[in-house]
Amino acid sequence: MEASSLRSSQWFARDGKDGFIYRAWLKKQGIPAHELEGKPVIGICNTWSELTPCNSHFRELAESVKRGVIEAGGYPLEFPVMSLGETLIKPTAMLYRNLVSMDVEESVRANPLDGVVLLCGCDKTTPALVMGACSVDLPTIVVSGGSMLTGRHMGRSIGTSDIWRFSEELRSGKMTSEELALAEAGMCRSDGHCAVMGTASTMACMVEALGLSLPQNAAIPAPDAARKVLAHLSGMEIVKMVRENRRLSHILTRQAFENAIMVNAAVGGSTNFVVHLLAIAGRIGVDVTLADIDAWSADVPLLANLQPSGLYFMEDLYYAGGLPAVMNALLSRLHKDCLTANGKTIGDNYRHAAAYNPEVITTLEAPFNNRSGIVVLKGNICEEGAVIKPSAATPRLMRHTGPAVVFEDIDDYKHRIDDPALDVDENSILVLKNVGPKGYPGMPEVGNMGLPAKLLAKGITDMVRISDGRMSGTGFGTVVLHVSPEAAAGGTLALLRDGDIITLDVANRTLHADLSPEEIATRKAAWQPAHPVAGRGYVQLYQQHVEQAHLGADLDFLKGGSGSQVTRDSH
């Protein structure tokens with residue numbers, strides 16, 4: 001790419017007042033004029049924050065990226081955007097995913113950047129940054145932060161998935177508060193995001209499978225020196241991407257999304273993959289639907305033996321060959337000609353990748369589990385769809401009929417779930433309303449409801465649970481999620497009552513309440529919304545414009561993009 005055609009030259013190659021202003025204030029930072037003459041200016045979009053523990057090492061990671069950019073002949077400029085810490089933000093980080101995407105989009109478009117490196121880690125930071133970057137469509141590469149080291153407790157390995165087990169053991173009296181405190185001390189032993197195939201790891205796998213990162217990005221642990229090496233190499237690669245004008249729209253084709261869906265099935269990725277992939281597709285202008293996710297997941301077995309669907313951890317996945325080894329095992333199914341960030345195809349990048357531990361990474365011929373992927377359900381409870389993750393569910397409950405025990409909202413659930421008088425047994429189906437995008441608002445990770453205490457005391461460990469919310473990618477169980485339309489939008493979920501008979505049939509992809517159309521119509525005529533409605537600010541904007549889960553829960557006015565062109569100056 002000629003220097004005069006660099007996007008940044010529209011700022012720094014200007015004569016007169018405007019060029020003076022753009023250059024002078026960068027000189028204030030000690031940047032000499034020649035650094036801005038003909039070099040690609042690379043933005044490093046950093047989600048570092050002390051309020052986002054998963055991303056707390058990103059300042060150091062950014063330095064590695066900068067060294068790579070400089071080595072390749074570019075000039076790096078780091079900038080912050082709002083950071084979403086899944087562990088601390090209330091009411092849910094998902095409420096702010098779309099807001100961060102707006103921050104990224106406008107920060108990238110408004111500034112003199114030729115290419116962008118996205119530093120992503122904690123769950124929502126990855127889709128938010130990719131969504132925003134897609135709406136601008138500059139050369140872009142993703143560097144994930146990597147997982148933390150595997151936790152240790154009483155001589156065994158633990159990860160975030162164990163939180164849900166510990167919680168139930170505490171509630172049932174099998175674990176003491178003192179024992180829980182010991183486990184807490186051993187859970188998070190290093191920098192990095194969750195050590196299991198939760199949403200953060202799923203998102204790292206998603207971007208690598210889409211072709212938006214260098215190979216091995218997904219699984220290198222955060223403390224491993226190889227993570228910094230990959231960041232350095234990514235800094236070098238983004239300069240090449242700018243010079244070759246290799247943009248997101250060149251990489252994110254329909255076939256790339258199909259690859260990501262298949263890889264997600266093979267690694268046992270989070271159900272949150274669905275809403276994030278759909279939102280990214282909506283930004284780049286590729287038509288991907290729930291039906292596509294179901295279809296491209298359908299016959300892909302589970303190849304990675306990782307929690308919460310298996311036994312091992314992300315650290316083990318890396319030592320076993322990382323995502324490249326999984327993609328090599330799946331290569332006969334993938335679209336091998338898809339372009340990736342380094343200019344090579346999926347086939348070029350992964351055909352020689354080796355697996356070193358057959359217990360962690362299996363083969364298509366002898367998979368870890370034939371049940372995998374995301375199954376999309378339809379029925380009168382979820383006319384537009386709902387999702388379930390079979391690999392994390394109990395096989396005997398995959399076809400189940402039982403009476404509903406209905407909670408109108410999360411407060412109702414918390415108030416009554418451990419009431420000894422609650423009319424519930426192991427055959428019941430727990431239903432939670434008003435935890436969808438509009439209803440909570442923000443679609444929190446509460447779908448894997450804890451079981452009633454009196455059933456835990458009987459040794460019951462799983463029940464069918466249904467909601468319009470999400471669950472953590474670290475969670476597990478026979479949990480139906482993302483019911484669409486949600487209760488707050490007047491979907492049939494809002495009309496369910498205690499005792500209604502519900503049938504879940506995963507094999508036939510149905511979720512049905514034994515209610516006649518006439519009864520549903522009668523109940524709908526009498527229904528009144530009961531979810532909280534914000535009176536001002538971003539939350540009001542969100543509730544007014546958020547789309548339903550089956551469309552990706554993006555804001556309706558953010559679909560597509562506005563490109564990178566800015567024609568007017570600020571002075």
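Filtering A525, A530, A494, A488 for residues that are small (G, A, S), outside any loop (DSSP other than H, G, I, E, B) and open to solvent by 50 Å² or more (accessible area, probe 1.4 Å) leaves a single hit, A525. Pick out, from the range 127-223, the helices (runs of 4 or more DSSP H) lying fully within it that include 2 or more residues that are out of contact with any Cys (no Cβ under 6 Å at 6 or more places or on another chain) and either touching a residue at least 60 places away in the same chain (Cβ under 8 Å) or on the phi > 0 side of the Ramachandran plot (or both). Per the criteria, 161-171, 199-210.
Name the residue that is surrounded by the most Cβ atoms within 10 Å (Cβ to Cβ), counting only residues in the range 1-44 that are within 36 Å of the chain's Cα centre (by Cα) and basic (K, R). Looking at residues that are within 36 Å of the chain's Cα centre (by Cα) and basic (K, R), I get K39.
Within the range 199-240, being of a type in the set (G, A, S) and touching a strand residue (DSSP E or B) at 6+ places or on another chain (Cβ under 9 Å) holds for A200, S201, A204, G211, S213, A218, A219, A222, A231, S234, G235. Can you report the number of residues in the range 504-521 which are open to solvent by less than 90 Å² (accessible area, probe 1.4 Å) and over 29 Å from the mean Cα position of the chain (by Cα)? Counting residues in the range 504-521 that are open to solvent by less than 90 Å² (accessible area, probe 1.4 Å) and over 29 Å from the mean Cα position of the chain (by Cα) gives 6. Restricting the range 99-121 to residues that are touching a Gly at 6+ places or on another chain (Cβ under 6 Å) and more than 27 Å from S5 (Cβ to Cβ) leaves a set whose member that is surrounded by the most Cβ atoms within 10 Å (Cβ to Cβ) is G121.
Counting only strands (runs of 3 or more DSSP E) wholly contained in the range 374-414, the ones carrying 2 or more residues that are under 17 Å from I429 (Cβ atoms) and open to solvent by 20 Å² or more (accessible area, probe 1.4 Å) occupy 399-407. Evaluated against (1) surrounded by 24 or more Cβ atoms within 10 Å (Cβ to Cβ); (2) closer than 23 Å to E258 by Cβ; (3) of a type in the set (A, V, I, L, M, F, W, C), I220 falls short on exactly one condition, (2). Taken over the range 64-94, the criterion of being assigned to a helix (DSSP H, G or I), under 30 Å from G473 (Cα atoms) and in contact with a strand residue (DSSP E or B) (Cβ under 9 Å, 6 or more places away or on another chain) is satisfied by S64, V65. State whether the residues of the range 271-291 include one that is at pLDDT below 95 and out of contact with any helix residue (DSSP H, G or I) (no Cβ under 8 Å at 6 or more places or on another chain). Within the range 271-291, not a single residue is at pLDDT below 95 and out of contact with any helix residue (DSSP H, G or I) (no Cβ under 8 Å at 6 or more places or on another chain). Listed conditions (1) open to solvent by 50 Å² or more (accessible area, probe 1.4 Å); (2) modelled with pLDDT of 95 or more are all met by N370, apart from (2). Among the residues making up the range 65-74, those that are under 30 Å from the mean Cα position of the chain (by Cα) and surrounded by 18 or more Cβ atoms within 10 Å (Cβ to Cβ) are V65, K66, G68, V69.
Checked against (1) part of a loop (DSSP other than H, G, I, E, B); (2) touching a helix residue (DSSP H, G or I) at 6+ places or on another chain (Cβ under 8 Å); (3) more than 18 Å from I89 (Cβ to Cβ), L113 passes all but condition (2). In the range 521-545, which residue that is touching a residue at least 60 places away in the same chain (Cβ under 8 Å) and touching a Lys or Arg at 6+ places or on another chain (Cβ under 9 Å) is farthest from D409 (Cα to Cα)? Among those that are touching a residue at least 60 places away in the same chain (Cβ under 8 Å) and touching a Lys or Arg at 6+ places or on another chain (Cβ under 9 Å), it is Y542.
Cβ-Cβ contacts under 6 Å between residues 6 or more apart (or on different chains), taken from a first residue in the range 311-334 that is farther than 14 Å from C194 by Cβ to a second residue that is surrounded by fewer than 22 Cβ atoms within 10 Å (Cβ to Cβ) and among the charged types (D, E, K, R), are absent.
Note on the range 302-355: residues that are hydroxyl-bearing (S, T, Y), within 25 Å of D191 (Cα to Cα) and not in a helix (DSSP H, G or I) total 2.
Taking the numbered list (1) without any contact (Cβ under 8 Å) to a residue 40 or more places away in the chain; (2) open to solvent by 20 Å² or more (accessible area, probe 1.4 Å) in turn, E60 passes all entries but (1). For the range 452-464, residues that are surrounded by 23 or more Cβ atoms within 10 Å (Cβ to Cβ) and either touching a Gly at 6+ places or on another chain (Cβ under 8 Å) or in contact (Cβ under 8 Å) with a residue 60 or more places away in the chain (or both) total 2.
Taking each residue of the range 106-117 that is under 11 Å from L77 (Cβ atoms) and looking for partners that are among the hydroxyl-bearing types (S, T, Y) and open to solvent by 10 Å² or more (accessible area, probe 1.4 Å) with beta-carbon atoms closer than 8 Å, six or more apart or interchain, yields P112/Y22.
Every condition in (1) open to solvent by 10 Å² or more (accessible area, probe 1.4 Å); (2) in contact with a Lys or Arg (Cβ under 9 Å, 6 or more places away or on another chain); (3) more than 30 Å from K344 (Cα to Cα) holds for G151 except the one numbered (1).
The values are calculated or read from the model by the stated rules, or taken from the named source; none is laboratory data. Owing to the predicted nature of the structure, the values given are computational and were not obtained by experimental measurement. Please note: Cβ atoms are built from the backbone with ideal geometry, for glycine as well, and neighbour counts cover all protein chains shown. Surface accessibility is based on the protein's heavy atoms, side chains included, excluding ligands, DNA and RNA. Shrake-Rupley method; radii C 1.70, N 1.55, O 1.52, S 1.80 Å.
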